[in-house]
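The values are calculated or read from the model by the stated rules, or taken from the named source; none is laboratory data. Being a predicted model, the structure only gives us computed values, none of them experimental. Every residue, glycine among them, receives a Cβ derived from its backbone with ideal geometry; neighbour counts consider all protein chains shown. Side chains included, ligands, DNA and RNA excluded: accessible areas come from the protein's heavy atoms. Shrake-Rupley method; radii C 1.70, N 1.55, O 1.52, S 1.80 Å.
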Amino acid sequence: MEFNVSVAQYGAILRSIATLLMSFFAMSIAVGAYAEQIWMQQDSGTSHELRSVSFASDGQHGFAVGFGGTILATSNGGATWVQQESGTPHELRSVSVASDGKHGWAVGFGGTILATTNGGLAWEPQASGTMNELRSVTFTADGRTGWAVGFNGTILSTVDGGETWIRQDSGTSNELYSISITSDGRHGWVVGFGGTILTTSDSGGVWKMQSSGTQHELHSVSVVPDGGSGWAVGFNGIILATSNGGQAWTVQSSGTSNELRSVHVTADGRTGWAVGFAGTILAFRPD
């Protein structure tokens, strides 16, 4: 059998082969780099316990908050952290930063809400209208619409960057520990004491109870941007998962009885981490 291939065709074949080889080489480098990633200690400049960290979409600008009103800021991905003046001695439990890295919010004890519009150069108190401890805060990417949750079933919302906060009816007096909102700002989940799971499909106009199947405290929830899949973690190593927007939550095997305090899942829902007591870090990723 004979093949008649022109010089032009032969050159095209060689270019295609070269492109495939380059793509394969690049993928190999990427996979290798991921496999070799390690966690490194950064100098925070404080001995205070830190409770929460949040970064802007650029991965460079971020804040960390904790005991004694501590607020730390970085503009270089954490290479250096600078302590900022929070103006409060209250413990700060959660922080959220907008995609621009300039707007941020921190919440904590005594209904404290602090906000910055200039990357943390100045933090100003916002009127929360409550003295209940706030445990979690989240904002949409544009920094206009946000929620904060806390003790005594408290759910607060804002549509103006926190200039005004309005209490929403959660339908429960249980302590609420964590909130996760979809990218459109309409669908959200809140978890808390006694296995509480609440959900909304109208930005919190109405919150409905979902059956978690557990009485264990749930400390953290993370849902993918479209709201289809989500995970919640808590006491006794419990991990709950849903693949249908919370219509059903099922227990997943964690392999630990250590209390889990936080969970984070990537936007595609294929990789996730949970952390908790005794240095526990759990992860799932594609096979």
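For P(r) over Cα pairs in 5 Å bins from 0, in percent, the choices are (i) 1, 4, 7, 9, 10, 9, 9, 8, 7, 6, 5, 4, 3, 2, 2, 2, 2, 2, 2, 2, 2, 2, 1, 0, 0; (ii) 1, 5, 11, 15, 16, 15, 12, 8, 4, 3, 2, 2, 2, 2, 1, 0, 0, 0; (iii) 1, 6, 12, 17, 20, 19, 15, 8, 2, 0, 0; which was calculated from the structure? Among (i) 1, 4, 7, 9, 10, 9, 9, 8, 7, 6, 5, 4, 3, 2, 2, 2, 2, 2, 2, 2, 2, 2, 1, 0, 0; (ii) 1, 5, 11, 15, 16, 15, 12, 8, 4, 3, 2, 2, 2, 2, 1, 0, 0, 0; (iii) 1, 6, 12, 17, 20, 19, 15, 8, 2, 0, 0, the one derived from this structure is (ii). With a cut-off of 13 Å between beta carbons, the residues surrounding ARG135 carry a summed charge of -1, where Lys and Arg count +1 and Asp and Glu -1. For the chain, relative contact order (Cα pairs under 8 Å, six or more residues apart, normalised by length) works out to 7 percent.
Show me the ranking of peptides 50-58, 76-84 by mean Cβ neighbours inside 10 Å, starting with the highest. Before the final figure, lay out the partial values.
Values: 50-58: 17.1, 76-84: 14.4.
Going by the mean number of other Cβ atoms within 10 Å, highest first, we get 50-58, 76-84.
Taking the Cα centre of segment 55-144 as origin and assigning +1 to Lys and Arg Cβ atoms and -1 to Asp and Glu Cβ atoms, the resulting dipole is close to 100 debye.
Per-residue ellipticity at 222 nm, computed for the chain from helices alone with -39500 (n - 2.57) per DSSP H run of at least four residues, works out to -3500 deg cm²/dmol.
How large, in percent, is the carbon and sulfur part of the accessible surface of the chain at a probe radius of 1.4 Å? Mind dumping the intermediate values first?
Details: 8510 of 15340 Å².
Ligands and nucleic acids excluded, carbon and sulfur give 55 percent.
Most tightly packed first, judged by the mean number of other beta-carbon atoms within 10 Å of their residues, the peptides 223-233, 244-254, 162-172 read 223-233, 162-172, 244-254. Summarising the label geometry, the points placed 7 Å from Cα in the beta-carbon direction at ALA278 and LYS102 lie 4.8 nm from one another. Compared with the dominant Cα axis of the chain, that is its longest principal axis, helix 7-35 is turned about 30°.
Per residue, the average separation of C-alpha pairs within less than 8 Å and at least 6 apart gives segment 104-179 a relative contact order of 25 percent.
Per residue, segment 134-284 exposes an accessible area of 43 Å² to a 1.4 Å probe, with every protein chain left in place.
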